[in-house]
Amino acid sequence: MDWPHTYYRLLYQGPTPHLFIVTEGMKDHLYDAKNNAKKRLNFVQHLELENVQSTLTQTIRLFKEVEKLHKSLGPTADVHKARDLEALKAYVLRVDELMRALPSAVSEQWWDDMKIALKGIVETKKPPKREPKPDLQLGDDLMDIGDSYWGEALYLGSN
């Protein structure tokens, strides 16, 4: 790919792979959860049937959404070809929202990667704080040095 915009290239090579790892992990977890819910659906009594069906429906919905995000953030995705920073930020925020919907025991394993993606893509960089320069002190000391230098130069030059 041709990268005329170096800032997006830094994001693409830096925090974006971490975001991709998060979506891949979420997708794998939701796939396993969907399969477990389907297996459980075969063995439950009619009292638990509604709970298992609602869990399965919610898991399938989350899986489809995460799978769509995973494809949207892939290495050859349109967002990268267009170098659309605002769309990338929206994807990061959506992944973060979905990750918070998962149980914390599960999402904990991807939290470090998510922090890198959030910090690198979403958070705005603050300019470094400049310390004020000290006041310039013009005193008699500088004048004495200058006078003695020029005085010596004049003295040496007159001989």
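Positive contributions from Lys and Arg (+1) and negative ones from Asp and Glu (-1), summed over other residues with Cβ under 14 Å from the Cβ of residue 52, come out at +2.
Computed with a 1.4 Å probe over protein heavy atoms only, the accessible surface of segment 36-118 comes to 66 Å² per residue.
For segment 101-110, putting each phi into the Karplus relation 6.51 cos²θ - 1.76 cosθ + 1.60 with θ = phi - 60° gives couplings of 6, 7, x, 5, 5, 7, 6, 4, 6, 10 Hz, in residue order, rounded to whole numbers and with x for Gly and Pro. The local environment of residue 64, defined by Cβ-Cβ distances under 12 Å, has a net charge of +3 under the rule Lys, Arg +1 and Asp, Glu -1.
Highest-first packing order for the peptide set 78-84, 36-42 is 78-84, 36-42, based on the mean count of other beta carbon atoms within 10 Å. Accessible surface of segment 9-61, 1.4 Å probe: 51 percent of it comes from carbon and sulfur atoms.
The values are calculated or read from the model by the stated rules, or taken from the named source; none is laboratory data. These figures come from a predicted structure and were not determined experimentally. Methodologically, a virtual Cβ is constructed for each residue, glycine included, from the backbone with ideal geometry; neighbour enumeration extends over all protein chains shown. Ligands, DNA and RNA are excluded from the accessible area calculation, which covers all protein heavy atoms including side chains. Shrake-Rupley method; radii C 1.70, N 1.55, O 1.52, S 1.80 Å.
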